[in-house]
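Everything on this sheet refers to the single structure shown next.
The values are calculated or read from the model by the stated rules, or taken from the named source; none is laboratory data. From a predicted model like this one, the values you see are computed outputs, not experimental measurements. So basically every Cβ, Gly included, is an ideal-geometry build from the backbone, and we count neighbours across all protein chains shown.
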């Protein structure tokens with residue numbers, strides 16, 4: 001979520017759906033593994049008289 005909040009600074013839209021994927025691998029002397037993750041969510045800009053507030057939800 002921290003990365004998504006940074007992306008919203010340059011977002012020209014008032015609401016939207018987003019999707020992010022990434023993967024990584026790890027290994028040591030005894031084990032190894034590869035991992036893949038998908039993140040998705042929806043956010044919306046709420047405008048008030050003195051400030052703007054983004055609200056959103058992340059789907060697992």
Look at the stretch 20-39 and say how many of its residues are under 23 Å from residue 55 (Cβ atoms) and at pLDDT below 90. 2
In a strand (DSSP E or B) and modelled with pLDDT under 85: is that true of residue 16 in this structure? yes
Over the stretch 46-60, the set of residues part of a loop (DSSP other than H, G, I, E, B) and closer than 14 Å to residue 19 by Cβ is 60
